[in-house]
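Novice: Following this message is one structure expressed as structure tokens.
Each value in this text was obtained by applying a stated rule to the coordinates, not by laboratory testing. Quick caveat, the model's predicted, so the values are computed rather than measured.
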Amino acid sequence: MTHPGPDPLVVRLRAAGCVFADEEAAVLREAAAGDAARLERLAARRLAGQPLETVVGWAEFRGLRVAVEPGVFVPRRRTGLLVDLALRHAAPGAVAVELCAGAAAAAAALAAEAPELEVHAAELDPAAVRVARRNLDPARVHEGDLYDALPADLRWRVRILVANAPYVPTREVPLMPPEARQHEPRLALDGGADGLDVQRRVIAGAPEWLAPGGVLLVETSERQAPTTVALMREAGLVAGSVHDEGIAATAAAGVRPESGGRAGSGG
Ligand SMILES: C[S@@+](CC[C@H](N)C(=O)[O-])C[C@H]1O[C@@H](n2cnc3c(N)ncnc32)[C@H](O)[C@@H]1O
């Protein structure tokens, strides 16, 4: 009995450093749908170092196939922690917003897993906005700088506010894996000197948008979590952090008190 030789595509992917070469070969073949020339074009892009997700046009996120395109941040599995935490606050008709949404994977997962929510997403980069509009009701994807993008009638009505803002310190961006630093936009990665420039603005603005009892959930790193939590407390939120070892994820959560605090006091 003869054995088939090794799959040449798997061999090439492995030689290029792809750890999950068998799985990647299967995904590429599915995307090529039996067209050998197309498979070769897709494989060439992957072998040149482009992320598998942007090569095939989708990323798996909490069981969804989320549309992604070259030049847009690829959703990471760890961001599922924001969704897990957000689901605890879901209620019929409640407003949920994903800021710095990228492809809006977290927003899409929330809409799928808690259809009773009114889910919005906002993002600055027009390329990401275009992709987000493929993943979420396009009328609920807003373009602009942080809160400036949001419809005014959401002010003080947001029950769940999630943000995976860029949080890599500038000096650490060159240390990121090539798939990130060469293929994802700087705007999606670089969080400034201490990594927290955008987070600071997200947190400072949250009390003006959260409903009483509403929650702000921000992805962060274990190292940065104490600062993220402190920023939330400075903003008048009741805050703490959560770590999920299984998906190497850390998030800070801050709740706007039902009464008191600074929120709404400025009119
Ligand atoms: C780390 S990526 C996360 C994307 C998405 N939330 C996810 O988890 O897949 C950060 C995103 O924030 C966006 N961004 C950066 N600065 C922003 C700003 N001032 N206003 C809105 N979005 C911003 C970037 O374009 C990028 O899409």
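Novice: Where both partners of a DSSP beta bridge lie in segment 77-255, what percent of those bridges are antiparallel, to the nearest 5? Before the final figure, lay out the partial values.
Specialist: Details: 13 of 31 bridges.
Around 40 percent antiparallel, to the nearest 5.
Novice: Same structure again: Using only C-alpha positions, report the orientation-averaged shadow area of the convex hull of segment 77-255, nm², one decimal.
Specialist: Working: hull surface 37.4 nm².
One quarter of the hull surface, i.e. the mean projection, equals 9.4 nm².
Novice: Give a residue-ordered list of calculated ³J(HN,Hα) values for segment 177-184 (Karplus: 6.51 cos²θ - 1.76 cosθ + 1.60, θ = phi - 60°; whole Hz; x for Gly, Pro).
Specialist: Running phi through 6.51 cos²θ - 1.76 cosθ + 1.60 with θ = phi - 60° gives x, x, 4, 7, 6, 9, 10, 10 Hz.
Novice: Let me check the size of segment 122-161 from its C-alpha atoms; what are the radius of gyration and Dmax in Å?
Specialist: Cα only, segment 122-161: 10.3, 29 Å (Rg, Dmax).
Novice: Let me know the shape class of segment 136-236, please: from the alpha-carbon gyration tensor, a ≥ b ≥ c as square roots of the eigenvalues, rounded when a/c is under 1.5, otherwise prolate if a/b is greater than b/c, or oblate.
Specialist: Working: a/c = 2.55, a/b = 1.41, b/c = 1.81.
Because a/c hits 1.5 or more and a/b fails to exceed b/c, segment 136-236 counts as oblate.
Novice: For Ala211, enumerate residues with amide H under 5 Å from its amide H, sequence gap 5+ or separate chain, H modeled in the peptide plane.
Specialist: Correct list: Arg157, Val158, Arg159.
Novice: In terms of modelled amide H atoms, which long-range or inter-chain residues lie less than 5 Å from the amide H of Thr220?
Specialist: Close amide H contacts, sequence-distant or interchain: Thr250, Ala251, Ala252.
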